[in-house]
Structure formats: C-alpha cells, structure tokens
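Student: Quick one: the structure is below, questions incoming.
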Amino acid sequence: MGKNTTIKRQIDDYTFGVFSIFWRNVLPVDPVVTFTLFGIDRDTIEGWEQNSRHIPRERLRDLVRIAVEGGARAVVLDVALDGDDRGNGQLYDYLKSLQDPAGTPVFLIHNPYLDEPVQKGSAGGCRMVRNTMFGNLDAESPQIHWATTNVSGNSRFLTARYLTQYERICTAMEPRITPSLFLAMNALIGPDGKPPEPSPAAALAELNSKLAEAVGRNPPADSYCSDDPSKTITLGNGRQIVLDQSPCRTENWIRFTLPWILEPGEQAASYRSGNAPVIDRQIVHGGMLRAKPLPKLYQNRIVVIGAVHQDSGDVRITPFGWMPGTMIIINAIHSQINLPDLKPIGKTGVFIIELGISLMASIGAVFLHSLQRRAGIIDVTIIMICCVLVPGVAVYIWGAGLWIDVSAPAIAAFLHHKLLHAVLHRFRGHGGGDGGGHIKDPPPPDMEPIAVPRPDKAKISTTQS
C-alpha cells in the first residue's frame, strides 16, 4: 500500500478522471444488473401543484409500488424521510404492508447530520440521525432495510470519489452498525448475478449479523490510509468483503462511467447489441403514476427513486461534472457489481513504471548531452534526473522499498551509459553513409615532399677567377 500523501491523492484523482473519460458509456462486459431511474425534477414538482419543495409522500408510495409490482431486483428510496410531511402515514402503511421475505427489498437511506459532532460513548463513535416514525420500520417489515450512501471526497469542492462501507448510526434507540447500500448490494447480488438463497431478507440479515460481529465496538475507520490488517467477512453468495474504509483502497473508489447528461449525439451505455440500456432514465410525470406496471417490467433492475435537479441539495461534482445523488448511487453500484475488480499495482508493476520513467529520463539525457554548447548544468541535470529526482519521487508516491526505488534508476543509468548513447548516435545520421557510430576526424591534408638535391648531381665550379 502506498503512502497517503497529497501528491498521491492528486495522482489518484487524475488517474480515475482519465479512467472515467476512457470508459465513458463503455461496458467491458455485459452487466450483471441494470438500473431504472425514477427522476423527480422541477417540472415534476410543479406539475403536482404544491408549494413545498419536498416530494409528496403519497407520490413516493406510488413510485415504490410501481417498482415492487414490476418485479424490480431492489428499490432505493433516495429521499430524506426525516420530516413531518403530510402523507407520511400513507407511505408508512404501504411499506409496512410489504411482508414477503422473498419479495423486492426496499432500501431507506439514513441521512446523518453533517453539522453534528460524532457522538462518543461506550459503543464507540456514531453519527446522529433524526428519530422518525420510519426509524424502526425494518423490524416490522422483512422487505424494508436501512442503509447509508455516504460518499466521501474533497469536501471543499463537494467532489464524490470513494465509498464508505458502513456507519455507526445513533438515534433515540441503541447505536447500531448500518451497512452502506453498496455493501448491501454485494450481499443481494452474487458474482453470477443470481438472486440470494433462501431470500433477500435472509441474505441481508446475514450481512448485518456478520458486519456487527466483525466491527464489534471498534469505531469505523477514519479517512486515512492504515497498514493495519483488515477484517474479512464471507457472505453466503461467496463474496468476500474486506472491511477497510481507507481511501487508499482502490476497491472503495467509484469508477464513474455512466454520465448524467449526454453530449449531443452521444449514445447511452447499452448491451445486447445496443437494444437494452444500462440506465432507463424516466422523469416522473402524472401519466406514469396512473399506469399499471407490467409484472416483469423492471425485472433484474435496481430502481432508484429521487430528485435529479440542481436545487435539490443532493448534488456532487464528479469527473463528468455535476451529478445528482441518484446517479452517483447508480455509478457506485455499477462500479461495485458490474465492472471488473481493480487490482493494486504490485512491486513488480511499480518497478516497471519506475524503470520506464528512468529510461525516458536517460533518453532525454542523451539529447541534452549532445547539445552544441556544453555546460556543467547539463551534467548536473542528468545526474539529478536519473539518480535523485526519479527515486525520490518514487519513494514519496509509492513507497515501494529502497531496493526498487534505487535499482530501477540504476539499471536505466547503466543502459544509458552502455547502450542507449551508442544506439541513438548511430541512427541520428551523424555517421555519414558508412553507418559508423561516431564522427571520424578528417585525415590531415597531404603534404608535398620537399625536394632535396642529390650530392652527386650538384654542379661544382672549379674555375678560379
């Protein structure tokens, strides 16, 4: 596990942003589960002719009923049920009437207070939520389940990046461990996509039991990278869940691939040769509420119900721009269930990355070395890049170990000295047509021999004057 540093967080953010752009609306494999979004926008609320910004509870009742009767795999009601709204009784009575353990599970979402401090006590830290008439509904109906959808990131910019696996929730009742919706979906949907045995209610009860036993009285992990060993629970469908809420764990990151707003001419993600959309976006209107759903209309689909307009207050920044909370939930479940697992880079991978960076630095050093006007600063730059900068940055970001962080630049420097320099100069064209590796010095100009007269041919005068 790498070090939790600011630059590593920035690199991770950039990497996942590039991943999202590259895999936008692309499915590497057929999805295990698909989604239907019952979106409530401003036009929907204005059509209901009400003054309150809250969604009428009797409308929520009708939407849940449509999804349940349509055979949805699960229903997520992403609406805060912490007020004394008119119609609460109608919604409560309908949810309580769902008594089939094998029926469609309906998830209600806890919304902990953001401005409340974490309460400390004998049971450890916990997040406070309002105690309402819906608080104990899961004990009265086997199809009702509470979950959390806390998505963390940069709080300053309201970015959404990684998931939490569970929360310790406090109400007027005893504190209890509440799984995240994303953890619950792992219990509800097996690796093969088959429904849980013997029932969804039993599978979720098993998750709650094992989660409470594993976490015990220890408070949830804070948002820092820890090298402490993590606990693992094995679910009935064969999934193994590592209880590690660290942001350094790539499995907790959301891989955004399903945008909320499509570009002009852009096709939404689909499968079965483009005939079936991964997300069936439906903006709620009056005629939709009056229609009678078909029994298998939403089969194998997770139906998410909630607001989709920017004024709802449930909006976060993602690699695709602003996105309503309902779409973040869909992307998070899609990332957890449908997309292949991301494996962290091992020491071999880090070694290859560092070696590649060092080789690039060595190649650049060759061209610096061949500048016409040599200067001492060039030699210093070569030494700093190959022997100081690369291993220093590697240790700071990856912390892969002294052997790897030093040997990779050393190997690159050796290749630079013994191989790269000669090869590059050979093919740069400086050697003329003979293909030689170095420029040969021109031969000295030919010297004409100096004529020295021979003694036997010298003319000696014997005439005396």
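Student: Looking at this structure, is E69 on the phi < 0 side of the Ramachandran plot, surrounded by fewer than 17 Cβ atoms within 10 Å (Cβ to Cβ) and at pLDDT 85 or above?
Tutor: Working: on the phi < 0 side of the Ramachandran plot: yes; surrounded by fewer than 17 Cβ atoms within 10 Å (Cβ to Cβ): yes; at pLDDT 85 or above: yes.
So E69 passes the test.
Student: Let me ask another. List the residue pairs whose Cβ atoms are under 8 Å apart, where the first residue sits in the stretch 127-147 and is assigned to a helix (DSSP H, G or I), the second is among the aliphatic types (A, V, I, L, M) and crowded, with 19+ Cβ neighbours inside 10 Å, and the two are 6 or more positions apart or on different chains.
Tutor: L137/L95; L137/L108; L137/I144; D138/L108; D138/I144
Student: Let me ask something else about it. When the residues of the stretch 16-50 are filtered to those that are under 22 Å from H309 (Cα atoms), assigned to a helix (DSSP H, G or I) and in contact (Cβ under 8 Å) with a residue 12 or more places away in the chain, which remaining residue is nearest to the chain's Cα centre (by Cα)?
Tutor: Among residues in the stretch 16-50 that are under 22 Å from H309 (Cα atoms), assigned to a helix (DSSP H, G or I) and in contact (Cβ under 8 Å) with a residue 12 or more places away in the chain, the one nearest to the chain's Cα centre (by Cα) is R42.
Student: Please go through the stretch 198-236 and pick out each residue that is open to solvent by 50 Å² or more (accessible area, probe 1.4 Å) and either in contact with a Gly (Cβ under 7 Å, 6 or more places away or on another chain) or modelled with pLDDT of 90 or more (or both).
Tutor: Hits for the stretch 198-236 are P198, A205, E206, N208, S209, K210, R217, N218, P219, T234.
Student: Restricting the search to the stretch 163-197, which residues are buried (at least 23 other Cβ atoms within 10 Å of the Cβ) and of a type in the set (V, I, T)?
Tutor: Passing the criteria: T178, I189.
Student: Looking at the stretch 249-280, which of its residues are in a strand (DSSP E or B) and surrounded by fewer than 16 Cβ atoms within 10 Å (Cβ to Cβ)? Can you show your working first?
Tutor: Residues of the stretch 249-280 in a strand (DSSP E or B): 253, 270-271, 276-277, 279-280.
The answer is Y271, A276.
The values are calculated or read from the model by the stated rules, or taken from the named source; none is laboratory data. Just so we're clear, the structure is a prediction, and the values are computed from it rather than from any experiment. Glycine gets a Cβ as well: all are built from the backbone with ideal geometry, and neighbour counts include every protein chain shown. When the accessible area is computed, the model is the full protein with side chains, heavy atoms only, and any ligands, DNA or RNA have been set aside. Shrake-Rupley method; radii C 1.70, N 1.55, O 1.52, S 1.80 Å.
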